[in-house]
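First up is the structure itself, then whatever we jot down about it.
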Amino acid sequence: MRSDARLVLAALAVVLSASCSGGSGAERAGDAVRIGVVTNCAPSAGLNREATVAGAELPLIQRGAMLAGSRPSEGINSAVLAGRPVTLVLACEDFMSQTSAITALSKLVERDRAQIVIAGSNPGDGLAAREFARHHPGVTFLLTSGEQSATLKDPAPNVFRFEGDVAQWTAGLGTYAHRSLGWNRAATLGQGDLSGWPVVGGFDAEFCSLGGRITDRVWVPGGATVRAWRAREFGKAHVDDVFLPGGLQVITPFVNQWRRLHPDIGRHLLVGWEPLFSRGPWLLGVVGASPDPFAATARWRAYRTAFHQAFPRVNDFELADQPYYDEMEPVAEALERVHGDLSHGEHRFMAALADLRYHSPEGLIRLDRRHQAIVPVYLGRVVRNAKGKIVVRQIAVVPHVDQTFHGYFSPTSPAPSVQQPACVRRGSTT
């Protein structure tokens, strides 16, 4: 984590040496509200770029804007918020390149005069945006990436996030493992990098707080296939219970072998959001956690219907659109509260964002004092429904999950890493 922060700061210094911050957003941009959006334009991003742009555009389309072309990335026309015209400006970044993320932020703020910026969703983008935001206090930044430290540690007052961080996404699984499944010892098998450590850390914090013990933390490169031999190695080490959060390319060989070792696999394996999303037959009986509801609420159905009506050609299979929607919609609501006022360093607008009770498709969200979302998290089990289709059936809702896990994480605690957090008993987090 420290090395990643140094990379951010080094890249930031290069950009700032060639630029300087301007005045207030309203003074620089005239009557139009200029909103910048950073998206991943690398070829590997595929259609996800169109989905992310669509997510940012949908709140504007719902308020009367129209697509300028056949694709979301071609922009929108006639966008208005709080009686003021809106100019949406896009900037590209490369996958997993914090230098390109900072360059994109600089383009939007320094060249395109954006007053509000929705930062990119790559791992590490939140850290880059936070450091960049310190040098532009009169611009409001919103995060779509999920790293914990971007808001938990030394937050910038002009940075906001209406999504849970990736550690929050695991809330409830540690309690379910210990109290419902009777786990006392567990191993974790996670993605060994900045985006994977916090996911495992969230589970570990909750499970250990209740008296559980983590016997093994195994790290696999992001995108790697989890081979069957890892399940056999766990078996030889007398490990019976495993948390598999996701971020790994193929988990089927491991899960199939784990089922051979434990036919009642639902009692011996828990997963995160990404494995659940595959809904493969190999996961039948397994429980996992997600920031998105499995039992479709009225707001969730309304959001998905509105998205598909506005963008019928956009592939949103991985729900890449929603984090961008969940930052743009609060922007729209806060601007409407202050009647479009972005004067005096956007102080009224930022105060409105901080106080917003946002009814997201995911559920009711409010911000803590560090401007980080307090969110609901959903537990679901992979089952076959009456028609034989594999679905995830919601079994529980964990409300009001804050990123400290009720004090287990703090601004001064070590950031999740290969060996952090420490496994310490403290009491329930949910």
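In the range 122-139, which residues are touching a strand residue (DSSP E or B) at 6+ places or on another chain (Cβ under 8 Å) and either among the hydrophobic types (A, V, I, L, M, F, W, C) or surrounded by fewer than 23 Cβ atoms within 10 Å (Cβ to Cβ) (or both)? The answer is Ala129, Phe132, Ala133, Val139.
Could you check, for the range 87-94, whether at least one of its residues is assigned by TED's automatic domain parsing to the domain that holds Asp326, without any contact (Cβ under 8 Å) to a residue 24 or more places away in the chain and in a loop (DSSP other than H, G, I, E, B)? The answer is no; no qualifying residue exists.
Note on the range 160-188: residues that are in contact with a helix residue (DSSP H, G or I) (Cβ under 9 Å, 6 or more places away or on another chain), within 17 Å of Arg426 (Cβ to Cβ) and surrounded by fewer than 20 Cβ atoms within 10 Å (Cβ to Cβ) amount to 1.
Taken over the range 390-405, the criterion of being surrounded by fewer than 17 Cβ atoms within 10 Å (Cβ to Cβ) and within 23 Å of Pro155 (Cβ to Cβ) is satisfied by His400 alone. Quick check: is even one residue across the range 294-312 of a type in the set (A, V, I, L, M, F, W, C), farther than 24 Å from Phe203 by Cα and surrounded by 21 or more Cβ atoms within 10 Å (Cβ to Cβ)? Yes, the range 294-312 contains at least one residue that is of a type in the set (A, V, I, L, M, F, W, C), farther than 24 Å from Phe203 by Cα and surrounded by 21 or more Cβ atoms within 10 Å (Cβ to Cβ).
Inclusion of Phe409 among residues that are assigned by TED's automatic domain parsing to the domain that holds Val139 and not charged (D, E, K, R) is not warranted. Ser17: of a type in the set (Gly, Ala, Ser) and either in contact with a helix residue (DSSP H, G or I) (Cβ under 8 Å, 6 or more places away or on another chain) or modelled with pLDDT of 90 or more (or both), yes or no? Considered against the rule, which asks whether it is of a type in the set (Gly, Ala, Ser) and either in contact with a helix residue (DSSP H, G or I) (Cβ under 8 Å, 6 or more places away or on another chain) or modelled with pLDDT of 90 or more (or both), Ser17 comes out as no. The set of residues from the range 38-85 being more than 14 Å from Asp316 (Cα to Cα), polar (S, T, N, Q) and outside any loop (DSSP other than H, G, I, E, B) comprises Thr39, Asn40, Ser44, Ser73, Asn77. Only residues that are assigned to a loop (DSSP other than H, G, I, E, B) and either under 19 Å from Met328 (Cβ atoms) or not hydroxyl-bearing (Ser, Thr, Tyr) (or both) were counted in the range 96-114, giving 4.
Of everything listed in (1) surrounded by fewer than 23 Cβ atoms within 10 Å (Cβ to Cβ); (2) in a helix (DSSP H, G or I); (3) more than 20 Å from the chain's Cα centre (by Cα), the single unmet condition for Leu335 is (1).
The values are calculated or read from the model by the stated rules, or taken from the named source; none is laboratory data. As the structure is a computational prediction, the values presented were derived from the model and not from experiment. Don't worry about glycine lacking a Cβ; one is built from the backbone with ideal geometry, like all the others, and counts go over all protein chains shown.
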